[in-house]
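One structure is given below, encoded as structure tokens.
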Amino acid sequence: MLLSKFSDFILECGTDEAGRGCLAGPVTAAAVMLPDEFKSELLNDSKQLSEKTREKLKSIIEATSISFSVTHLEPKIIDEINILNASIKAMQECITKLNPLPNYIIVDGNSPLIPKGGIKNKGGKVFTDSEIELLLSIPNTSIIKGDSKYMSIAAASVLAKTYRDEYMNRIHEEFPMYNWKQNKGYPTIEHREAIRKYGITKYHRMSFRLLPEQLKLEL
């Protein structure tokens, strides 16, 4: 059973990302603040849910949340600052877009919301001094498998997944030969065979190994 809160703060936000291991498309983050009375028997880690259930939950979360936000960071940015930094940056951007702002943040995974090296203010949104001060001022905790423990992180995982899937469905229409509507940019055999056959697109992540060594791409 998912827990409603990690901290004692009134406005606690959960954040998560989707698409970190993909060869194409953005990494997408979401942040969600749920009211204390929020309840849903459907809610769980998005990876454990069917597409139909995720879509149903998306509407429920958006209608009942105190605040939510979603951010896509494109492959060009991922290639520039690496996928870990892009995932963190996308979550940071989500926090700055919430209204009201949270008093506490819980993050899925083991990477801190604010890395030891501080906020990387390049790639994606350029934070103002006040936004950087805001991000540094909000206490936060990273929780391994938080999307299967806390409602707000699970809700963020659902929004990140559904919004990213919608994005991949749209660009599938532009490049149907990669079948992103089904594989969502993940490194399936079918996706890699399409890369070998048709080459790369503007949506592919050039910093990733797009093909195994034995199928090296001629650029």
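Tabulated results
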| quantity | calculated |
| --- | --- |
| Mean accessible surface per residue for the chain, computed with a 1.4 Å probe while every protein chain stays in place, in Å² | 50 |
| Beta bridge orientation in the chain: antiparallel %, DSSP, nearest 5 | 60 |
| GluC sites (Glu not before Pro) within region 112-219, DSSP loop, no more than 11 other Cβ atoms inside 10 Å | 218 |
| Calculated P(r) of the chain - Cα pairs past 22 Å, % | 50 |
| Accessible surface of the chain [probe 1.4 Å, protein heavy atoms]: carbon and sulfur percent | 52 |
| Length added when fully stretched, residue 7-residue 126, from 0.36 nm per residue minus Cα-Cα | 39.9 nm |
| Angle between the chain longest axis and helix 83-97 axis [Cα atoms, degrees, rounded to 10] | 40 |
| Chain lengthening between residue 142 and residue 186 when straightened (0.36 nm per residue, less Cα-Cα) | 13.3 nm |
| Rh by Kirkwood over Cα pairs, then Stokes-Einstein D for region 123-209 at 1.002 mPa s and 20 °C, µm²/s | 133 |
| Interatomic Cα distance distribution for region 36-158, bins of 10 angstrom, percent | 12, 42, 36, 11, 0 |
| Part-to-part distance (alpha-carbon centres) for region 93-131 and region 1-45, which is given in Å | 15 |
| Nearest-ten-degree value, helix 151-174 long axis tilted from longest Cα axis of the chain | 30 |
| 0 to 90° range, to nearest 10: angle between helix 51-64 axis and the chain longest Cα axis | 40 |
| Taking the chain and dividing mean pair separation by its residue count, relative contact order in percent (alpha carbons under 8 Å, at least six apart) | 32 |
| Net charge contributed by nearby residues that have their C-beta within less than 15 Å of residue 101 (K/R +1, D/E -1) | -3 |
| Sites residue 111 and residue 133 - FRET efficiency at Förster radius 22 Å, r taken between beta-carbons, to 0.05 | 0.55 |
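The values are calculated or read from the model by the stated rules, or taken from the named source; none is laboratory data. For clarity, every value in this text was computed on a predicted model and none was experimentally measured. Every residue, glycine among them, receives a Cβ derived from its backbone with ideal geometry; neighbour counts consider all protein chains shown. Ligands, DNA and RNA are excluded from the accessible area calculation, which covers all protein heavy atoms including side chains. Shrake-Rupley method; radii C 1.70, N 1.55, O 1.52, S 1.80 Å.
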